[in-house]
1. Yes or no: A:I334 within 14 Å of chain B (Cβ to nearest Cβ), open to solvent by 10 Å² or more (accessible area, probe 1.4 Å) and within 17 Å of A:F364 (Cα to Cα)?
2. Quick check on my filter: what residues within the range A:545-559 are open to solvent by 20 Å² or more (accessible area, probe 1.4 Å), on the phi < 0 side of the Ramachandran plot and facing another protein chain (nearest Cβ under 9 Å)?
3. Just one of the numbered conditions (1) touching a residue at least 60 places away in the same chain (Cβ under 8 Å); (2) part of a helix (DSSP H, G or I); (3) touching a Leu at 6+ places or on another chain (Cβ under 8 Å) is not true of B:I59; which one?
4. Residues in the range A:506-529: is at least one of a type in the set (S, T, N, Q) and under 22 Å from B:R493 (Cβ atoms)?
5. Can you find a residue in the range B:522-529 that is of a type outside the set (G, A, S), within 13 Å of chain A (Cβ to nearest Cβ) and under 21 Å from A:D461 (Cβ atoms)?
6. Can you go through B:Q375, B:Q463, B:Q408, B:Q413 and tell me which one is assigned by TED's automatic domain parsing to the domain that holds B:G20, open to solvent by 20 Å² or more (accessible area, probe 1.4 Å), under 30 Å from B:P48 (Cα atoms) and among the polar types (S, T, N, Q)?
7. Hey, does the range B:118-134 have a residue that's more than 22 Å from B:A188 (Cβ to Cβ), assigned by TED's automatic domain parsing to the domain that holds B:V39, touching a Phe, Trp or Tyr at 6+ places or on another chain (Cβ under 9 Å) and part of a loop (DSSP other than H, G, I, E, B)?
8. Against the definition (at pLDDT 95 or above, over 28 Å from B:V457 (Cβ atoms) and of a type in the set (D, E)), how does B:E33 come out, yes or no?
Protein chains: 2
Amino acid sequence: MKRTKKVNIDGPSLKIIPLGGLEQIGMNITAFEYEDSIVVVDCGLSFPDDDMLGIDLVIPDVTYLKENADRVKGFVITHGHEDHIGALPYVLRELNIPIYATRLTMGLIENKLREHNLLGHTKRKVIKFGQSVNLGQFRIEFIKTNHSIVDAAALAIHSPAGTVVHTGDFKVDYTPVFGEAIDLQRFAELGKKGVLALMCDSTNAERKGFTQSERTVGHTFDTIFHEHQGSRLIIATFASNVDRVQQIINTAHKYGRKVVVEGRSMVNIIDTAMNLGCINIPENTLVDIDRLKDYPDDRTVIITTGSQGENMAALSRMASSVHRKVSIGPNDTIIFSSNPIPGNEKAVTRVINELEMKGAEVIFQDVHVSGHACQEEIKLIYTLVHPKYAIPVHGEYKHLKAQAGIAQELGIQKENIFILRSGNVLELNEEKAGVTGQVAAGAILVDGLGIGDVGNVVLRDRQHLAEDGIMIVVVALDSISGQIASGPDLVSRGFVYVKESDALMDEARDLMENVMEGCVSRGCTDWGRIKTAIKDNLGDFIWKKTKRRPMILPIIMEV
Amino acid sequence: MKRTKKVNIDGPSLKIIPLGGLEQIGMNITAFEYEDSIVVVDCGLSFPDDDMLGIDLVIPDVTYLKENADRVKGFVITHGHEDHIGALPYVLRELNIPIYATRLTMGLIENKLREHNLLGHTKRKVIKFGQSVNLGQFRIEFIKTNHSIVDAAALAIHSPAGTVVHTGDFKVDYTPVFGEAIDLQRFAELGKKGVLALMCDSTNAERKGFTQSERTVGHTFDTIFHEHQGSRLIIATFASNVDRVQQIINTAHKYGRKVVVEGRSMVNIIDTAMNLGCINIPENTLVDIDRLKDYPDDRTVIITTGSQGENMAALSRMASSVHRKVSIGPNDTIIFSSNPIPGNEKAVTRVINELEMKGAEVIFQDVHVSGHACQEEIKLIYTLVHPKYAIPVHGEYKHLKAQAGIAQELGIQKENIFILRSGNVLELNEEKAGVTGQVAAGAILVDGLGIGDVGNVVLRDRQHLAEDGIMIVVVALDSISGQIASGPDLVSRGFVYVKESDALMDEARDLMENVMEGCVSRGCTDWGRIKTAIKDNLGDFIWKKTKRRPMILPIIMEV
């Protein structure tokens, strides 16, 4: 279970190099390397932490791939969630490499590439479950799994040094809504033949038992529809959970309700799923939101985005009365078919309160099942695959560690379990395994159009500005006499409400005048020193008076 | 269950005026008014929302009390949590009014007043359970309850218009760790005599069943201590949960371990509790943190603050290796005896990950019970007190509404249930009840020493600065010729990392030169117009190039 273990590996070996996904849930990307061949599994983004002010999204540092671009044979994608496909449009700008994925996964990737004008330049191939693709010295086989999105795949990565099974994100659903159950027989067959390493989803490794079937949510919908026949139903869920939407539509059809799909990402994904035949919508069931008013409340269902309390999502706009086409009232029942993702709890609660204040009923418990395997499912996969080495993936440290504990319980030797960090180079073959090196890895921040132009300095400044605002001191010095030509003027933003703090600002201005006059009378012409004097004196004064530390920015002009 | 209902109340009536506590959990304060007498129950603070950047804490607007200061007879405090006592030092600066509270509650209030140099000026009286205090036309009786802090009281507020029972924060604990169980007999007796209104804690009104006894956590500690006899134990919990600390000390004593208390607030509260006899510590059990090294790991327990992942708390400092006296290693077992308060989930998880990366074991599930009544306890109190009117308190709207549902289920008429908002004046007597007015109420932000000097404008500026930073354009104009004497100079903070964006900044500077020259050549001397031209042109340029909107601040100097 050691994190880094320096060893020498003799003979041909496989290298596994995670470039993200091991410090958090998000930004999954892992390179597999055998001699002249590199294959990359997934290429996801993550969403910014609270302290990444103003950042839109975070993508992995792929310097290692760029440096070895000639050897990279392809991106192999397990499923269509943002944390597995979201960085593709950014990475593909710099690396023109083909993509291999199953049907819906590819559909969602194509939507992204189209938005970024990359569709024409990118080679793509849709792979069916059970099929393999040869990429250099690798053969990559796609295996059917279940997850909270249709067409999720596990991968068997066959290399001359042995086979690695990568589960992708998965659960075991014996009664899935769409398509087959996870192909447990193939996992067993691979295990029987011998698997070098298992890379298994750790998201729910802390949770006991089995994750329930997606179909149980369908039963819950049935009960809710049955008990709320008089009211309009509004159901919020994850846009990408096509099976969930399918079940809502099935239930709506059974109870004779029309269905409106609302929220941009929801509409896009359902469109894609319909085009690919991943969702089955009875005729005359879907209606446009503009036709909502043509039906009585008790004959409609709205499926909407916003289940995480996202500010700009459709449900939040309804809750705060800024949605143009839906206004909430006492005849509405709103169902959160989702759990809040950690960090979103307060936002979700805010939306629930707003909805209830409008008189609506809100149902937010037990209308959701997870898409990830719990402990008993993880044990099942380990037992079927029976790997020599275990490499827990997809999770924060505590999740990876929980899976490492399970692996050990199942008889995998402690020294054969690897909790890696992004950038680690794990080298392995039948004889030996260990971390033998380190490559560049990390997070690149995307803000607007800027990729990587916001770094620690900018973030620190934003945090400083957010905390106590800014005070700007401008002074103009005569270039010949060195005397003060104008100023010092003080301007503040985000510090205090100036009208109420006139006296404070006046005192600060007097202080700055004294400081400047002191500098000038001493004949100080070193702008660096003058700026330091301004910063120190004003900083001390403000702290003493207010116990705040606004950013102080001296600007000197020469006229 | 209507929120506001305009009615006329004939004859003498009681007014209940909540000034906080009904829009959130926090900032509890309610005025009770009968003719010339006003009594205020609790005076709490709340912690800032995520969008209140840089704010330290939030206190209620007590304009109404200040305007009626001559009639305010006293503050009556239910218990010593921050959301019930935290605003006292701020409010008492403006209102010199006596305080009535039970022993530990008063001890904690006195700590606060001492810190703010208010102890000498404030009249205080410690009240025992079962005792009453006469305040103008009111008689306030203190009734024993159970809560996650010792000495919590419910209040019977006797007025000529009838009796109101205010539960404070409570649970029903038949086997409390310290002192007696809640005085259910007194609730019953009051109910028998007739209670006008019940104001009952709503925090857990959405949760089914009964909250477990604090003592069950003691059994959990026993199991953990028994199973971890070889390692050092570090237990994080709420500083104010004296009973929890008592149980940890009892278990430590049983297993022959020395106890270190760490974290400023924890040390303060335990000191106060010891001085008042609210905690019972066996001799030679407590040792100073400096003596920790004198004992083997398996003979020590550290009780610490930081159970909510607070950045600067002791446990977070241990986790991130900046604690001066405790370093975490594989021989440590850390126990979170707490649940994350909504909004703190991510911070807690971060600390758990950091601790596990250091090799420590972390236990964070099922070592905590709530201090608030669940549905069955709420039903019990309603049934004993049998009020005419129900006024759910202490919670967000969804909690208040859940309790309103329970009250209705128990037979209280819908029109006799009032979900109030801060500032509502509820007038009531045996005949009638309704909202008859509105007084000033709201949140005042405290930032450093400033109380109320940060308002919406300042917060909006901070949010803007946090999102995309600031660009400052300075230009000096000759006062005689109106020509540009110097500049325009551009300075940015929190926008882009300038070294990587040289070209962008150069282009922006050229643009600003053109704009200024245009203004000057047109003879424009209206600074307002010049500033608008700068803002518009630079704003458009930056948006087009970066899709960001930094704050743009033009500064013109006259030389």
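The values are calculated or read from the model by the stated rules, or taken from the named source; none is laboratory data. Note that the structure is a prediction, hence the values are computed from the model and not measured. All Cβ positions, glycine included, derive from the backbone under ideal geometry; neighbour counts span all protein chains shown. We work out accessible area using only protein heavy atoms, side chains counted, and drop any ligands, DNA or RNA first. Shrake-Rupley method; radii C 1.70, N 1.55, O 1.52, S 1.80 Å.
1. Values: within 14 Å of chain B (Cβ to nearest Cβ): yes; open to solvent by 10 Å² or more (accessible area, probe 1.4 Å): no; within 17 Å of A:F364 (Cα to Cα): yes.
When the stated conditions are applied, A:I334 does not pass them.
2. The answer is A:K545, A:R549, A:E558, A:V559.
3. Status for B:I59: all satisfied but (2).
4. Initial filter on the range A:506-529 (of a type in the set (S, T, N, Q)): A:514, A:521, A:525.
From what is left, the residues that are under 22 Å from B:R493 (Cβ atoms) are none.
Scanning the range A:506-529, I find no residue that is of a type in the set (S, T, N, Q) and under 22 Å from B:R493 (Cβ atoms), so the answer is no.
5. So far as the range B:522-529 goes, no, none of its residues is of a type outside the set (G, A, S), within 13 Å of chain A (Cβ to nearest Cβ) and under 21 Å from A:D461 (Cβ atoms).
6. B:Q375
7. no
8. Values: at pLDDT 95 or above: yes; over 28 Å from B:V457 (Cβ atoms): yes; of a type in the set (D, E): yes.
For B:E33, the condition - at pLDDT 95 or above, over 28 Å from B:V457 (Cβ atoms) and of a type in the set (D, E) - is met.
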